[in-house]
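As C-alpha cells, the structure follows; a few thoughts come after it.
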Amino acid sequence: MSIHGPADVTRVGIRDIRQRKGGAPLVCLTAYTAPMAELLDPFCDILLVGDSVGMVVHGLPSTVGVTLDMMVLHGAAVMRGSRRAMVVVDMPFGSCEGAPETAFSNAVRILQETGAQGVKIECAPAVVGNVRYLVDRGVPVMGHVGLRPQSVLAEGGFRARGREEQERQQVLSEMRGSVEAGVFALVVEGVAESLASEITAQCPVPTIGIGASAACDGQILVTEDMLGLFERSPKFVRRYGDLRGLVASAVERYAIDVRSRRFPGSGETYFASRRRPGSALADIPAG
Ligand code: KIV
C-alpha cells in the first residue's frame, strides 16, 4: 500500500481514454471522498475530483473560493478509495492563470501529493499557453470548454454557452486552442446539441459532455446531483436516486428511536464480561 492507495493497481490510463474516441461512451462521475470513490470505481472510466467540491461539500456559492489545498486533500482521498478508474483533479481558479512556472508547480503539487493521473483545466483563451507549457513538461491535462464555472464572476452567472453565432465561434476556438495545447480529453459543458456535435466531430480527442447532449464521446455528472441529494438540480441532470429522501427518512427514524429510547437496543449495547476482575479482555457486545 502506498500513500496514494493500493500499490498493485492497474488503472485506466491516458491511452485507454484516447482510444475511446468515437467508441464506447466514457462513463465519468465526480468524487471527493474515499468511500464514495470506492462505490463509484467499479463502474467508471474516470473519477473527476472536481472543484465543484466547493459547492457540493463545502457550501460555497461558486467554485471561485476553492483552493489548491482543498483539491490536494480531496484528490488524495479519492485515490485512496479507488483502484481502477483514472483519477483527474481540477486545477482550481487562480492556480493556472499566472506565470507558466507557477501553473507548472501547482500541477506538479497536485500530481505528486495525490497520485492522480492528470489535472483538468478550464481552457479560457488566456490559459491555453500554460496548458501547452504543462503538457510539454509531462503533465496530462484534460481541457474544459463551453460553460466554464470558474468564470462565473466575469460572466455574471451560470448559463449555457454558444447559442449565438459569435459565442459559438468562441467555444469552437476554445476547443481548437485546447486541442493544439495537447489535452488528452475535453469536457464540454452547457452547450446546445448542434454545437456539441460539431465540437465532437472536429475534436481528435474524446469529448465528455455535461449538459451537452448525447453527441459527445462520454458523459459526466456531479455524483450528488444524479443521486438526488439536492432539492433542485439543473435541467440536464437525470436523477438515478433519491438520496435526499433516503437520508431524511433514515434520520427521522433515528431521532424517533433515540427520543423513545428504542435505540440503542440490547444488540447494540456492550455488557461487562463475566471474567474475573483484572482480566485484560475487553467487554464484548451482547449477542
Ligand atoms: O468541477 C466539476 O465537477 C466539473 C465537472 C462537473 C465537469 O468541472
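The values are calculated or read from the model by the stated rules, or taken from the named source; none is laboratory data. As the structure is a computational prediction, the values presented were derived from the model and not from experiment. We place every Cβ from the backbone using ideal geometry, glycine too, and count neighbours over all the protein chains shown.
Which one of these is among the β-branched types (Val, Ile, Thr), over 28 Å from residue 167 (Cα atoms), in contact (Cβ under 8 Å) with a residue 24 or more places away in the chain and surrounded by fewer than 19 Cβ atoms within 10 Å (Cβ to Cβ): 87, 57?
None of the others qualify; the one that does is 57.
From the list 150, 112, which one is of a type in the set (S, T, N, Q) and within 27 Å of residue 216 (Cα to Cα)? Step through it out loud before you land on a result.
Details: 112 fails: within 27 Å of residue 216 (Cα to Cα).
The conditions single out 150.
Specify the residue that is farthest from residue 34 (Cα to Cα); the eligible residues are those in the stretch 114-127 that are under 18 Å from the mean Cα position of the chain (by Cα) and either assigned to a helix (DSSP H, G or I) or more than 16 Å from the ligand (Cβ to nearest atom) (or both).
Filtering first and then ranking leaves 117.
Restricting the first residue to the stretch 128-150 and requiring it to be touching a residue at least 60 places away in the same chain (Cβ under 8 Å) and part of a loop (DSSP other than H, G, I, E, B), which pairs with a second residue that is among the basic types (Lys, Arg) and buried (at least 23 other Cβ atoms within 10 Å of the Cβ) meet a Cβ separation below 7 Å and a spacing of at least six or different chains?
From residues that are touching a residue at least 60 places away in the same chain (Cβ under 8 Å) and part of a loop (DSSP other than H, G, I, E, B), the pairs are 147/161.
For residues that are loosely packed, with under 15 Cβ neighbours inside 10 Å and not in a helix (DSSP H, G or I), scanning just the stretch 159-183, find the one that is modelled with the lowest pLDDT.
Checked the stretch 159-183; the qualifying residue modelled with the lowest pLDDT is 159.
Taking interchain pairs and intrachain pairs at least six residues apart, which have beta carbon atoms under 6 angstrom, with the first residue in the stretch 212-234 and over 30 Å from residue 16 (Cα atoms) and in a loop (DSSP other than H, G, I, E, B) and the second at pLDDT 95 or above and not aliphatic (A, V, I, L, M)?
228/239; 228/241; 228/242; 228/244; 229/244; 233/225
Every residue in the stretch 183-206 that is among the hydroxyl-bearing types (Ser, Thr, Tyr) and within 12 Å of the ligand (Cβ to nearest atom), please.
Just the residues of the stretch 183-206 that are among the hydroxyl-bearing types (Ser, Thr, Tyr), to begin with: 194, 197, 200.
Passing the criteria: none in range.
Looking for something among the aliphatic types (A, V, I, L, M), buried (at least 17 other Cβ atoms within 10 Å of the Cβ) and without any contact (Cβ under 8 Å) to a residue 24 or more places away in the chain - is there at least one such residue anywhere in the stretch 247-265?
No; the residues of the stretch 247-265 include none that is among the aliphatic types (A, V, I, L, M), buried (at least 17 other Cβ atoms within 10 Å of the Cβ) and without any contact (Cβ under 8 Å) to a residue 24 or more places away in the chain.
Could you tell me which numbered condition residue 204 fails, if it satisfies all but one of (1) outside any helix (DSSP H, G or I); (2) touching a residue at least 24 places away in the same chain (Cβ under 8 Å); (3) crowded, with 19+ Cβ neighbours inside 10 Å; (4) in contact with a helix residue (DSSP H, G or I) (Cβ under 8 Å, 6 or more places away or on another chain)?
Every listed condition holds for residue 204 apart from (3).
Just the residues that are among the hydrophobic types (A, V, I, L, M, F, W, C) and more than 17 Å from the chain's Cα centre (by Cα), please, taken from the stretch 128-154.
Matches in the stretch 128-154: 128, 131, 134, 135, 139, 152, 153, 154.
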